[in-house]
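Single-structure report; data block below.
The values are calculated or read from the model by the stated rules, or taken from the named source; none is laboratory data. Owing to the predicted nature of the structure, the values given are computational and were not obtained by experimental measurement. Cβ coordinates were reconstructed from backbone atoms using ideal geometry, including for glycine residues, and neighbour counts include every protein chain displayed. Just the protein is used for accessible areas: all its heavy atoms, side chains included, with ligands, DNA and RNA removed. Shrake-Rupley method; radii C 1.70, N 1.55, O 1.52, S 1.80 Å.
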Amino acid sequence: MADTRQIRARKGPVTYALRFFVIAYLAVLVVWPLWEVTSRTFAPVERGAEGGFSAFLERLQDPTVTYAFSLTATCAFWAVLINTVFGVGISLLITRYNFPGRRILSVLIDLPMSVSPVVVGLALVLAYSSGQGWFGGALESAGIFIIGSTPGMIMATAFVSLPLVIREVVPVLEEIGIDSELAASSLGANGWQIFRRITLPSIKWAVVYGVVLSLARSLGEFGAVKIVSPGAALRGETATILIQNRYTNFEEPTAYAAAFVLVLASVLALVVVSLIRKEDHS
Amino acid sequence: MSIEVRGVGKRYGDFVALDDINVSLPTGQLTALLGPSGGGKSTLLRIIAGLETADSGSVEIEGVDATKLPPQKRNVGFVFQHYAVFKHMTVAKNVAFGLEIRKRPKAEVKAKVAELLELVHLSQFAHRLPSQLSGGQRQRLALARALAVEPSVLLLDEPFGALDAKVRKELRDWLRRLHDDVHVTTVFVTHDQEEALEVADEIVVINEGRIEQIGSPDQLYDEPANDFVMGFLGAVTQLGPVRLRPHDIEVAVQPGVPGAAAGVVQRALRVGFEVRLTVDVEGQAEPALVVLSRAHARALDLELGSRVWLSPTTGATSVPLLGEVSA
């Protein structure tokens, strides 16, 4: 295969000008604000107070903060799990089967990417809240509460990160085609054996990549969760909601510390993703 | 009979891929399904394998009605044009796949894989990944994988279509020898008449969803059932009221043969050992094509503008011209 990563050999003034603009743009938009968060995380709160790493750890050990992070982790875990299972299933359905409404389905899947998360939250409230929702009443009589509790927040997170796995897996499934699956079936493999031994190994890296992206997206989800969550400390307050609450309540140091942890998680996710890309291309 | 196809039809929307196909393929034979692209031959093969379902008709394999059976229950080996090897498995694992699915004992699997890799000359590559093999090697791997499960029929869909001309010819000879050794009922699809004539015991010519003729290579070549079969199996030209092969035309530089058509050499093209002449025949719209050996052409001292008299050789295969009452 030809190497598609060719670069221009000549370096002229335009090259240097472009470089300068890109670096400046990234610095103004990304690096500088993130640096501010980092430096404030480790700065002393006031003159004479203790700063640095130990103060940062102390803020994170506050019960409301540990609660918020564990809630965020719970929501992200379930949302990613659900989206991985359904994502792979839907991807197979879209690429391997022909049925009426297939095109509509593949358009619908991208919808969560374009709809504002706040609207997603609102829609979930309308559908599931115990007072007015379509299913809310029925679920309530069965003793299940969605809105204002963890299941609702998981749903909101899952909704928002739904397309990420599918978008990674579908192109790979289309590329590998169905010949090796057909070959496996003529060799005697049943549907599950084909999936586990042929299809899954071929899409492995795409699934992992999608999972990491979903995880990063789920950890940082704010708008949709904010609407369906009670949003009070120790009651439905996720890490992102905590950051907003603390920041507006003049407890900036805690907000910075929590924000720093989220930044760290995203950077970690990006590192993992770039490592996967490398693995995938080798 | 190993494979019995009765009344099979298949449509894609308005397009008729197969129209009432009836064919029976005897056990142990190497049969070619020959025809132009889009003629339905691949569809028929995939229906036999169970990779496609027929709209009507039935398929019987080794006396068992397989019409409703899923592919994994038909015990057929299928080889794809683009190999369809399992990219993430080593060569040995690829071959072992069908046996492992059938939960055969480890020792038996190992012995069988070694035997098959020996058969397809890939023993030294057992621990490589398919991406490290050439196209011809991948196709041999696919063949070994299909043979591993000891299928009652082996089906090959344009098996050499993706290979370059030289490898293609080698694999063709190799397949013929392999079949003589293994004797599994084999059906392969091809659009290359030379491939079919060279390799197959029997050829089924399929065009536009219908069977045009079934017969041995010699029968098809010598007694084509119609104009299509004649044209598909080799070059054809027109001389007077009949169509015949360019090498079945006798060239004379003097009149004398009764019924010979007079003409003028318009063009002479030498390709390797043969000379192809384009002759403008009197009273005929289309010029006639004649092929003769280089030595023969030299002996006749032919050049552009030479007057020649053309007549069919004795025993020439010919069919009457389409749309005309035969003379």
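Selection of region B:70-93 for residues being more than 30 Å from B:A54 (Cβ to Cβ) and touching a helix residue (DSSP H, G or I) at 6+ places or on another chain (Cβ under 8 Å) yields B:K87, B:H88, B:M89, B:V91, B:A92. Among residues of region B:273-291 that are among the charged types (D, E, K, R), those with a Cβ under 6 angstrom from a residue that is assigned to a strand (DSSP E or B) and open to solvent by 90 Å² or more (accessible area, probe 1.4 Å), sequence gap 6+ or separate chain, pair up as B:R276/B:L269; B:D280/B:Q266.
Of the residues in region A:165-179, none is more than 14 Å from chain B (Cβ to nearest Cβ), modelled with pLDDT of 90 or more and farther than 17 Å from A:R96 by Cα. With respect to the conditions (1) surrounded by 15 or more Cβ atoms within 10 Å (Cβ to Cβ); (2) farther than 28 Å from A:R196 by Cβ, A:P100 falls short on a single one, namely (1). When A:A156 is tested against (1) small (G, A, S); (2) within 20 Å of A:W78 (Cβ to Cβ); (3) more than 20 Å from the chain's Cα centre (by Cα), just one condition goes unmet, and that condition is (3).
Only one of the numbered conditions (1) modelled with pLDDT of 90 or more; (2) open to solvent by 20 Å² or more (accessible area, probe 1.4 Å) is not met by A:F135, and that is (1). Within the set B:P36, B:P26, the sole residue that is out of contact with any Leu (no Cβ under 7 Å at 6 or more places or on another chain), open to solvent by less than 40 Å² (accessible area, probe 1.4 Å) and under 17 Å from B:N207 (Cα atoms) turns out to be B:P36.
Which condition number in (1) within 30 Å of B:L33 (Cβ to Cβ); (2) not assigned by the TED database to the domain that holds B:S24 is the one that B:F273 fails? Failed condition: (1).
Consider B:V167 carefully, then state whether it is within 14 Å of another protein chain (Cβ to nearest Cβ), outside any strand (DSSP E or B) and either among the aliphatic types (A, V, I, L, M) or touching a Pro at 6+ places or on another chain (Cβ under 7 Å) (or both).
Numbers: within 14 Å of another protein chain (Cβ to nearest Cβ): no; outside any strand (DSSP E or B): yes; either among the aliphatic types (A, V, I, L, M) or touching a Pro at 6+ places or on another chain (Cβ under 7 Å) (or both): yes.
No; evaluated as a whole, the condition is false for this residue.
Spot the failing condition for B:L116; the list is (1) closer than 21 Å to B:F188 by Cα; (2) within 12 Å of another protein chain (Cβ to nearest Cβ), and only one is missed. Of the numbered conditions (1) closer than 21 Å to B:F188 by Cα; (2) within 12 Å of another protein chain (Cβ to nearest Cβ), the odd one out for B:L116 is (2). Within the option set A:G177, A:G191, being under 30 Å from B:P159 (Cα atoms), open to solvent by 50 Å² or more (accessible area, probe 1.4 Å) and not aromatic (F, W, Y) holds for one residue only, A:G191.
Pairing each residue of region B:146-158 that is more than 8 Å from chain A (Cβ to nearest Cβ) and of a type in the set (S, T, Y) with any residue that is open to solvent by 10 Å² or more (accessible area, probe 1.4 Å) and outside any strand (DSSP E or B), provided the two are 6+ apart or on different chains, yields C-beta distances under 8 Å for B:S152/B:E62; B:S152/B:N75; B:S152/B:V184.
All but one of (1) buried (at least 23 other Cβ atoms within 10 Å of the Cβ); (2) within 10 Å of chain B (Cβ to nearest Cβ); (3) assigned to a helix (DSSP H, G or I) hold for A:G210; which doesn't? Here A:G210 clears every test but (2). From the list B:F188, B:F228, the lone residue that is aromatic (F, W, Y) and assigned to a strand (DSSP E or B) is B:F188.
I'm trying to understand the selection: among the residues of region B:259-275, which are under 30 Å from the mean Cα position of the chain (by Cα) and open to solvent by less than 30 Å² (accessible area, probe 1.4 Å)? B:V275 - this is the single residue of region B:259-275 that is under 30 Å from the mean Cα position of the chain (by Cα) and open to solvent by less than 30 Å² (accessible area, probe 1.4 Å). Going through (1) open to solvent by 30 Å² or more (accessible area, probe 1.4 Å); (2) within 14 Å of chain A (Cβ to nearest Cβ); (3) in contact with a Ser or Thr (Cβ under 7 Å, 6 or more places away or on another chain) one by one, B:E62 falls short only on (2).
Here is a yes/no grid of residues against (1) over 11 Å from the mean Cα position of the chain (by Cα); (2) crowded, with 22+ Cβ neighbours inside 10 Å:
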residue: B:A142; (1), (2): yes, yes
residue: B:K166; (1), (2): yes, no
residue: B:K169; (1), (2): yes, no
residue: B:R176; (1), (2): yes, no
residue: B:V187; (1), (2): no, yes
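Taken over region B:280-299, residues that are closer than 19 Å to B:G234 by Cα and either touching a Leu at 6+ places or on another chain (Cβ under 8 Å) or loosely packed, with under 14 Cβ neighbours inside 10 Å (or both) amount to 7. Residues that are over 26 Å from B:E223 (Cα atoms) number at least 1 in the following strands (runs of 3 or more DSSP E) confined to region B:267-327: B:274-281, B:307-312. Per the conditions (1) of a type outside the set (V, I, T); (2) open to solvent by less than 40 Å² (accessible area, probe 1.4 Å); (3) part of a loop (DSSP other than H, G, I, E, B); (4) in contact with a strand residue (DSSP E or B) (Cβ under 9 Å, 6 or more places away or on another chain), the sole criterion not satisfied by B:L220 is (3).
Would you confirm whether any residue within region B:65-85 is basic (K, R), away from chain A (no Cβ under 14 Å) and within 23 Å of B:E198 (Cα to Cα)? The answer is no; no qualifying residue exists. Could you tell me whether A:I109 is touching a residue at least 12 places away in the same chain (Cβ under 8 Å) and in a helix (DSSP H, G or I)? In short, yes.
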